[in-house]
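The values are calculated or read from the model by the stated rules, or taken from the named source; none is laboratory data. Fair warning: this is a prediction, and the values are worked out from it, not measured in the lab. Cβ sites come from the backbone with ideal geometry, for glycine too, and all protein chains shown count toward neighbours. Quick note on the areas: whole protein, heavy atoms, side chains included, nothing else; ligands and nucleic acids left out. Shrake-Rupley method; radii C 1.70, N 1.55, O 1.52, S 1.80 Å.
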Amino acid sequence: MKIVAVVVAAGSGQRAGGGLPKQFRPLGDRPVLAHTLDRVAACPGLGRIALVLGAGQEALFHSHVRPHLSDALAATIRLVKGGADRGASVRAGLDALVPDAPTHVLIHDGARPCLGPDLLARLCMALDGGARGAAPALPVTDALWYGQDGKVADSRPRGGLWRAQTPQAFAFADIRDAHRAAGAAGQSPADDVEVARGAGIDVTIVEGDEDNLKITRPEDFARAARVLADRAGSPGKDRAVVDVRTGTGFDVHAFGPGDHAMLCGIAVPHERGLAGHSDADVGLHALTDALLGALAEGDIGQWFPPSDPRWKGASSDIFLRAAAERARERGFAITHLDVTLICERPKIGPHSAAMRARIAEITGLSPDRVSVKATTTERLGFAGREEGIAALASATLVAGA
Ligand code: MG
């Protein structure tokens with residue numbers, strides 16, 4: 001069995017709210033579509049993925065999704081321009097996969113990011129067993145009504161009714177021929193199972209997954225995030241989505257004229273100050289770099305260039321606050337910050353509690369998640385000669401916490 005996938009993500013996603021189409025909006029640490037592609041790629045033996053995007057969405061893919069994909073996954077993806085309707089989009093995706101000579105194909109909605117490995121396994125088992133088509137579904141358990149003018153006009157029997165999900169899986173040549181025929185006949189079917197059945201292909205129902213939801217409305221984002229977080233926390237189910245990161249930072253500033261040194265947001269009285277473009281707070285600079293490092297988003301110099309007059313004499317809490325906000329924007333909780341100040345003098349101990357409180361305040365953490373400590377270098381090196389102060393920091397971030 002040589003299996004490939006078509007992921008249909010060409011929609012503009014108006015119902016889900018927000019400015020971006022829903023497949024590009026963040027869900028935890030990554031956009032919806034990055035989750036979906038990862039989940040599809042978890043199908044054992046999967047080859048090429050045709051990703052069908054709407055007009056103008058290729059740039060969004062490169063800016064929002066590609067940075068979150070491994071190089072190995074990105075190498076399997078072929079971007080395909082969608083058509084006027086869903087049927088045309090799937091046809092374009094299938095056509096793009098012909099050179100890979102696949103035997104089977106999974107056709108999946110880009111807006112179903114919570115696809116789990118168990119469901120993929122059930123589909124593959126059905127194909128292995130010789131099914132020409134297989135699709136997941138869940139039996140309807142709620143009562144069904146027909147409504148008119150806001151009132152129940154009738155109730156309908158639910159026996160034998162199923163709620164369809166994706167991926168829907170088919171023998172490749174069968175579904176490609178079926179889609180071509182449907183397109184030629186000008187049909188606009190609801191899904192690929194309808195296309196297959198129209199061509200006389202039997203489709204086996206496999207057990208769906210209640211968690212394999214399709215993001216449609218704004219509240220679906222929170223539900224999908226819960227599903228992904230639950231899965232991350234349950235051993236053996238899907239550990240791949242646990243994203244815990246540690247970033248490190250280091251900074252040095254030389255002593256210059258002054259009567260205090262800004263250290264971790266506190267003005268510490270001293271016979272000299274620290275020299276620098278901003279207030280030269282080595283502690284906050286190292287922490288800012290630790291956060292940016294955990295996010296893999298460059299460093300403090302790139303975010304706040306010393307050449308920019310806006311940062312001249314700036315209070316460094318601005319930098320740390322911006323990095324903490326960026327972490328939250330990216331869907332990370334900051335779980336711990338640790339900074340070590342390296343100097344002979346001034347003595348840090350008497351100020352460390354105030355420093356922890358100040359860092360906690362700037363970053364929105366509780367002080368028990370902030371550590372400030374100090375060491376000397378036994379009078380060795382620039383710190384030992386009291387030419388300047390160094391700071392070393394680490395930050396721990398957890399996605400979707
Ligand atoms: Mg600095």
Surface per residue (accessible, 1.4 Å probe) for the stretch 3-233, Å²: 46 Å²
Per residue, in Å², the accessible surface of the stretch 289-347 once ligands and nucleic acids are set aside, probe 1.4 Å: 44 Å²
Estimated vicinal HN-Hα couplings, Hz - the stretch 101-111 in sequence order (Karplus 6.51, -1.76, 1.60; Gly, Pro = x): 6, x, 9, 9, 9, 9, 10, 10, 6, x, 8
Additional length obtainable on full extension of the chain from Ser307 to Thr335, 0.36 nm per residue less Cα span: 6.8 nm
Label-point separation in nm, Asp299 to Ala314, each point 7 Å along Cα→Cβ: 1.7 nm
Under-5 Å amide H pairs with Ala50, H placed in peptide plane, nonlocal only: Ala5, Val6, Val7, Arg78
For the stretch 366-383, 3J(HN,Hα) per residue [Karplus equation, 6.51 cos²θ - 1.76 cosθ + 1.60, θ = phi - 60°, Hz, x = Gly/Pro]: 8, x, 6, 9, 10, 10, 10, 9, 9, 8, 9, 10, 6, 6, 8, x, 5, 5
Environment charge of Arg48, counting only residues whose C-beta is closer than 11 Å and scoring Lys/Arg +1, Asp/Glu -1: +1
Accessible area of the chain belonging to carbon and sulfur atoms, whole % at 1.4 Å probe: 53 percent
Estimated distance in nm for a label pair at Glu378 and Glu361, the labels positioned 7 Å out from Cα along Cα-to-Cβ: 3.8 nm
Helix 220-233 vs. the chain, principal-axis angle (Cα, 0 to 90°, nearest 10): 70 degrees
Potential extension, Met125-His62 segment - 0.36 nm per residue separation minus Cα distance: 19.3 nm
Note, ³J(HN,Hα) from phi for the stretch 146-154, Karplus 6.51, -1.76, 1.60, rounded to Hz, x at Gly and Pro: 9, x, 9, 6, x, 10, 6, 9, 6
Under-5 Å amide H pairs with Leu27, H placed in peptide plane, nonlocal only: Val32
Residue-level accessible surface for Leu73, protein heavy atoms, 1.4 Å, Å²: 10 Å²
Value at 222 nm in deg cm²/dmol, rounded to 500, when DSSP H runs of n ≥ 4 in the chain each add -39,500 (n - 2.57): -9000 deg cm²/dmol
Environment charge at Asp289 (Cβ cut-off 12 Å; Lys +1, Arg +1, Asp -1, Glu -1): -3
Choice from Gln148, Gln23, Gln187 showing the highest fluctuation, given a GNM over the chain with Cα pairs closer than 10 Å: Gln148
Linear extension gain, Arg223 paired with Asp202, 0.36 nm per residue minus alpha-carbon span: 4.2 nm
5 angstrom amide H check on Gly208, placed H, neighbours 5+ away: Ala137, Leu138
